[in-house]
Amino acid sequence: MKRKNRLTRRKDFLRVKLIGKPYIHPLVVLVVVKNSLSVTRIAIVASKSIGSAVKRNRAKRRLRAVMVEVFDSIMVGWDLILYARKKINDSSYQDIQWAIDQLLEQADLKVSN
C-alpha cells in the first residue's frame, strides 16, 4: 500500500477510533469515518490477543494483501481501520477476502462499476 494511503498519525487514528462507525465480522472489524482529503487511508491492527508476533504479523500481511487487491474499488475520502480478530489465524485467504468484501458492502464503501 502506498505511503499516502496509510493512516499513521495518532490524532487521525484516535479520530477514527472514537467517532468512526464499526462493522463487525468474526474475522475482522472495520471502523470507518469520512475524511476531508481526496485519498482513502487505511490502518491495520493486530493486538496481542491474536497471538505471538509471528501470528500478528501474518494476520496483518494477509489483511494488507487483500486490501491492496480491493483498494481501487473503495470510495475516495475515507479513513479505515481494520482490526484483526482471533479467528483470522484459522481462516483461509479466500475467507478473509470474503469478509473484507462483506464489510465494505455493509459500510457502503464499494464503488459501483
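The values are calculated or read from the model by the stated rules, or taken from the named source; none is laboratory data. Keep in mind it's a predicted model, so treat the numbers as computed, not measured. Positions of Cβ are backbone-derived with ideal geometry, glycine not excepted, and every protein chain shown enters the neighbour counts. Remember, those area values only see protein heavy atoms, side chains included, never the ligands or the DNA or RNA. Shrake-Rupley method; radii C 1.70, N 1.55, O 1.52, S 1.80 Å.
Roughly how many Å² is the accessible area per residue of the chain, as a whole number, for a 1.4 Å probe?
60
Under a 5 Å amide H cut-off, with hydrogens placed 1.01 Å from N, residue 80 pairs with 41, 42, 43 among residues at least 5 apart or on other chains.
With contacts taken as Cα pairs under 8 Å and at least 6 residues apart, the range 15-113 reaches a relative contact order of 39 percent.
3J(HN,Hα) couplings calculated from phi for the range 46-62 with the Karplus curve 6.51 cos²θ - 1.76 cosθ + 1.60 (θ = phi - 60°) are, in sequence order, 9, 7, 5, 5, 5, x, 5, 4, 4, 5, 5, 5, 5, 4, 5, 4, 5 Hz; Gly and Pro show x.
Normalising the Debye intensity of the range 15-77 to I(0), with uniform scatterers on Cα atoms only, and taking log10 at q = 0.29 Å⁻¹ returns -1.34.
I'd like the trypsin sites (Lys or Arg not before Pro) in the range 1-97 restricted to DSSP loop residues with at most 16 other Cβ atoms within 10 Å, sorted by number.
2, 9
Lys-Lys pairs in the chain that are eight or more residues apart or on separate chains and whose Cα atoms lie under 15 Å of each other come to 11. Full extension of the chain between residue 48 and residue 2 yields a length gain of 14.0 nm, computed as 0.36 nm times the residue separation minus the alpha carbon distance. Solvent-accessible area assigned to carbon and sulfur over the chain amounts to 53 percent, based on a 1.4 Å probe. For helix 10-19, report the angle its Cα long axis makes with the longest principal axis of the Cα atoms of the chain; keep it between 0 and 90° and round to the nearest 10°. Between helix and principal axis, roughly 90 degrees.
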